[in-house]
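Visitor: Please see the structure below; I have some questions.
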Amino acid sequence: MGLNFDRSQINPLNSASPTTGGVVNLKKGQRVDLTKGNPNLDKIHVGLGWDVNDKVGEDFDLDASVFMVGANDKVIDTSYFVFFNNLQSPCGSVKHMGDNRTGAGDGDDEQIKIQLSKVPQNVQKIVFTVSIYEATRRGQNFGQVNNAYIRVVDETTNREIIRYDLTEEFSFEQSMIVGEIYRYNGEWKFSATGAGYVEEIDGLCRRYGVL
């Protein structure tokens, strides 16, 4: 699959407000069971949000992307890289709900919907990333972004079950692995990653075998 970063046909996302009640708040590096204590959990959405605290030159445009990787830590096929110009995995288990180019408003800036029972067995990990579009050309980085978070919501009950607020200080990073959902002993777990990279999205694409 060629990476097409033409934005002429991408879809906007309607923001949603976070829910409360029984949420597990994580810190960087922490992991938590996702399905072991929730045996009926199947349909979830992963919300990502952020605020820009210092606009320099052009407006910021942050993008959420998903890499569905196998045991070798590479995507099982390039079509399993889900982003604003490939909004759904071939199996239909992961759906990107569209690009929000401004990050304006409350609630999630972008959302990914997942049906865990439909994820192919050879997918061991679902990686959630955020990158700054054309960061190098625009002279932008995550040092100018704050209040970033990732949260997991049970679609059936609309209950937020996991939340990770990124409190780390970033300076030169242009992309970030925010969190991961991965298989462990027949169950799904969530890991709060919060790892920044100085490269744009193409660096993560090389890391996970898309390029």
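Every number in this text was worked out from the coordinates using simple rules, so none of it is lab data. Only a predicted model underlies this, so the values are computations on that prediction, with no experimental measurement involved. Methodologically, a virtual Cβ is constructed for each residue, glycine included, from the backbone with ideal geometry; neighbour enumeration extends over all protein chains shown.
Visitor: Quick check: pseudo-label points 7 Å beyond the Cα along Cα→Cβ at residue 155 and residue 25, how many nm apart are they?
Guide: Result: 2.8 nm between the two label points.
Visitor: Using 0.36 nm per residue, how much length does the chain from residue 33 to residue 184 gain when fully extended, once their Cα-Cα distance is taken away?
Guide: 53.5 nm
Visitor: Please report how many Lys pairs in region 24-207 have alpha carbons closer than 22 angstrom, counting only residues at least 8 apart along the chain or sitting on separate chains.
Guide: Within region 24-207, the lysine pair count is 28.
Visitor: With a Förster radius of 25 Å, plug the Cβ-Cβ distance of residue 42 and residue 206 into 1/(1 + (r/R0)^6) and report the FRET value to the nearest 0.05.
Guide: Values: r = 33 Å, r/R0 = 1.30.
With a Förster radius of 25 Å, E is 0.15.
Visitor: Work out, step by step, the length gained on full extension between residue 73 and residue 199: first 0.36 nm times the residue separation, then minus their alpha carbon distance; give nm to one decimal.
Guide: 43.5 nm
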